[in-house]
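Every read-out reported here was derived from the displayed coordinates using simple, explicitly stated rules and does not represent laboratory data. Nothing here was measured: the structure is a model prediction, and the numbers come from that model. Cβ: placed from backbone, ideal geometry, glycine included. Neighbour counts: every protein chain shown.
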Amino acid sequence: MGFLGKSVLVSLIALWCFTSSAFTEEVNHVTQTPSSAPAPAPYHHGHHHPHPPHPHHPHPHPPAKAPVKPPVSPPAKPPVKPPVYPSAKAPVKPPTKPPVKPPVSPPAKPPVKPPVYPPTKAPPPVKPPVYPPTKAPTKPPTKPPVKPPVSPPAKPPVKPPVYPPKFNRSLVAVQGTVFCKSCKYASYDSLTGAKPVEGAKVRLVCKSKKNIVAETETDKNGYFLLLAPKTVTNFGFRGCRAYLVKSKDYKCNKVSKLFGGDVGAVLKPVKTRGKSSVVINKLTYGVFNVGPFAFDPVCPK
């Protein structure tokens, strides 16, 4: 029952109690009124004449009837409403907690765009003030510096002329070796597997007013030392050439092109100290190298 229903019920109960109390007081007042009230004195009009007292005769008088009052009906009772009982309260259930709602995060605010300002015009370039060119302070004319007297450059000491070392005139001796190539490497400029040739003939030709020719043969190791004629010295060796002529072995008798043995090899002086010259029959010879030379073998096909 709500608060409004309770208020109406309390008001009805209070009105009923007040009405019952007033009715009870009225009934009590009627009940307590005396049944034999004295009769009221007669009311005479005009003057009141006193009468002498009469002797009292004791004769019986009938009892005076009380004026009959009309029956006073009690005030009409308002219809007694049956008491209104509050409706039976339903068993109070423990308050159920409302379901806890998950915290609702406020909606993400859109990114605040920075205010767009209108492009500000760049102030016009301020031209620097133009000042009149300042005149450089005039310096008094300076005298040119006095140069000290220049002495002539000292002449370097005169060195004596250096002449090339003098070569002692000597005769010419040519040395070298002769080999026979192996059939495996016959077509190559190689001495791999080659064997020395004994008795091979080597010739020296020096050009001058007259061609000077000298020959010699190899030993068992294929080595030769060819002595040029005494008219040829170390001053004119550049006009000389050495040739491979022939071999005694008919199976290895073709002159190869190795180191120019077929067209004439250039003489190269030996520069090793102690080996650059040799003394033969009390004559000094300058030693020159050529070769080594080689013959191509006759190989089976």
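Output the pairs from LYS230/LYS254; LYS230/LYS282; LYS251/LYS271; LYS195/LYS246 with a Cα-Cα distance over 25 Å in this structure; if there are none, say none.
Flagged as over cut-off: LYS230/LYS254; LYS251/LYS271.
With contacts defined as alpha carbon pairs under 8 Å and 6 or more residues apart, what's the relative contact order of region 171-296 in percent?
32 percent
For labels at THR272 and LYS230 in the simple 7 Å Cα→Cβ model, what's the distance in nm?
In this crude spin-label approximation the distance works out to 3.0 nm.
Report D for region 171-296 in µm² per second (integer): Stokes-Einstein, Kirkwood Rh on Cα pairs, 4 °C, 1.567 mPa s.
87 µm²/s
Under the 0.36 nm per residue contour assumption, what length would be gained going from the current alpha-carbon distance of LYS6 and ASN211 to full extension? It would help to have the intermediate numbers written out before the result.
On the way: separation 205, 0.36 × 205 = 73.80 nm, distance 16.61 nm.
Separation in residues times 0.36 nm, less the Cα-Cα distance, equals 57.2 nm.
May I ask you to compute the full-extension gain from VAL112 to SER190, defined as 0.36 nm times their residue separation minus their alpha-carbon distance, rounded to one decimal in nm? Before the final figure, lay out each step's value.
Numbers: separation 78, 0.36 × 78 = 28.08 nm, distance 9.23 nm.
This chain segment gains 18.8 nm when fully extended.
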